[in-house]
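We did not get these values from a lab; they are worked out from the coordinates using the rules stated. Worth saying up front: this structure is predicted, and the values here are computed from it rather than measured. We place every Cβ from the backbone using ideal geometry, glycine too, and count neighbours over all the protein chains shown.
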């Protein structure tokens, strides 16, 4: 959610700020704004409701100039989307942008009103502006004022501040919401995501929890939570910024669906030989940790939760290790018991998901043997705060509805499961070689799934006028059905639900009629005959069925049941394979419905607030 960009330079920075916001559009937002200060201490603030392009046109029209500035894209939490609620917010000579939520803003607001401050927005962010302005009156420096302000704030925030009277510096504070510093030559930058700055620098450092920093053209001063000056490591980014173009594709989501064979090659590369998993490639001390694991606890949100649910079947059936999966926002707020020799795994595309990060921090105090993250973004908070970081290497994912992050998470967990089973003696060399063979074959299998694009596009026409859809699966395909339902509702706004097919007679059959499409995932496995019985339950009640079936499954279609015959794939990797046609179905239905595929309403890519 939300995006922050800042710059201190000799040159005009307005275009740099706006371009940075463009690169963060994938995160989701409803308004955008900039504040730029020139050498004569003139501050120009421009805010617009809607897309960054509208802000860009306004900035150009007003000929905004100056070498110091901050910019922001807002995703509404406090107050409706409006120009008045858009960032930056101001108090006197102070301008502020902010990601996150200030939980005690109402109490602070009342205190500030008592001091004579007037509020012009409904946001929690305006509280920060007024607090900094108040503290600056009795502080020697702006960074001191921000440090005093940060001590009064409760919640999650990444906040950046400029002072009209001093265009030589920007100050920034980080608590629970990521901030990265970008280092140039005679100029420096900051942002909520390094992608925003890749056009101007490749050298970055990441602020840690509680840090406050002062950024000038030639220096970066960082104070830790105790006010001590510290040095944060500067790293050279190797990220390839592929967010700027869709290439031959109509949408980023479509592009990312078709990038999955390459993404899977990347996650596999260097981690498996011809017949075995290279455990050391998973992380430092991985062999020692995985050989002792007696239980796995997965915490995640959204799509990552669904991938964890699918992987649970592998952990228990293949590695013989008990596994629990829980939604991070539930896990963090309940009393839980830590099992002996338990490995905590967090799953996240961004590595900054607020609930998952908070759950990680709580769990680290509860005696877990080790903490691992499976993540797509190097340098993210989850990566930095975990004992082991197993990177999915999916590449930049721009579409809000996650696709390649999901399939690469599954591939990573399959390798992890195989390594655990191997080091605990539950998988012999022959079984490991069989699994690894199928892992190597994954990119080719996904290519074959993508070949169904046109057939699925035609099928999508049947969903154009529907308001509800039901997805069914059994065993490890139930979580795949969950992910399919999530994708359809996210981007087409059709109400969709997933059920374990055996649960039909316990309630969902009441929903079945000709206007409720029922999508069935039907691999040729041990549960096939049970699944066929469930299909007949729907058929007998006049339901319209769409069965994505293994070519050897023996389904026969009729006017009420369309069969999409899929090539046979080994059961160990088939859940990943069947994910792809579900993604394509959601995409093509959304196209027909005319929704905003890449930036669906009310959603954001990186959920950095509760």
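The separation of region 104-158 from region 353-368, counted between C-alpha centres, amounts to 29 Å. Axis angle, to the nearest 10 degrees, between helix 429-450 and the longest C-alpha principal axis of the chain: 80 degrees.
Distance between the C-alpha centres of region 393-413 and region 277-296: 22 Å, rounded to the whole angstrom. From its DSSP helices (H runs of at least four residues, each -39,500 (n - 2.57)), the chain gives a residue-normalised ellipticity at 222 nm of -10500 deg cm²/dmol.
In the chain, the DSSP beta bridges split such that about 60 percent are antiparallel, to the nearest 5.
Using C-alpha pairs under 8 Å with a sequence gap of at least 6, the mean separation divided by the residue count of region 35-130 gives a relative contact order of 27 percent.
Most simply put, region 112-239 has about 95% antiparallel DSSP beta bridges, counting only bridges with both residues inside it.
Per-residue packing, averaged as other Cβ atoms within 10 Å, sorts the ranges 524-530, 309-315, 580-586 into the order 580-586, 309-315, 524-530, beginning with the highest. Relative to the longest principal axis of the Cα atoms of the chain, the long axis of helix 574-593 makes an angle of roughly 60 degrees.
Express the relative contact order of region 244-427 as a whole percentage, based on alpha carbon pairs under 8 Å and six or more residues apart in sequence.
Here the relative contact order equals 29 percent.
Ordered by the count of other Cβ atoms within 10 Å of each Cβ, fewest first, 323, 2 give 323, 2.
Is the shape of region 3-236 rounded, prolate or oblate, going by the alpha carbon gyration tensor and its root eigenvalues a ≥ b ≥ c, with a/c under 1.5 for rounded and a/b larger than b/c for prolate? It is rounded, given that a/c, with a ≥ b ≥ c, falls under 1.5. Take the alpha carbon atoms of region 304-337, find their center, do the same for region 1-69, and report the distance between the two centers in whole angstrom. The distance from the Cα centre of region 304-337 to that of region 1-69 comes to 42 Å. As a rough guide to protection, the peptides 496-503, 480-487, 90-97, 324-331 ranked by mean Cβ packing within 10 Å, highest first, stand as 480-487, 90-97, 496-503, 324-331.
Ranking of 112, 343 by neighbouring Cβ atoms within 10 Å, starting from the fewest: 112, 343. For the chain, the longest principal axis of the Cα atoms and the long axis of helix 477-492 meet at an angle of about 50 degrees.
Which whole-number percent is the relative contact order of the chain (Cα, under 8 Å, 6+ apart)? Once divided by the residue count of the chain, the mean separation gives 12 percent. DSSP finds beta bridges in region 442-604, and of those with both partners inside it, around 5 percent are antiparallel.
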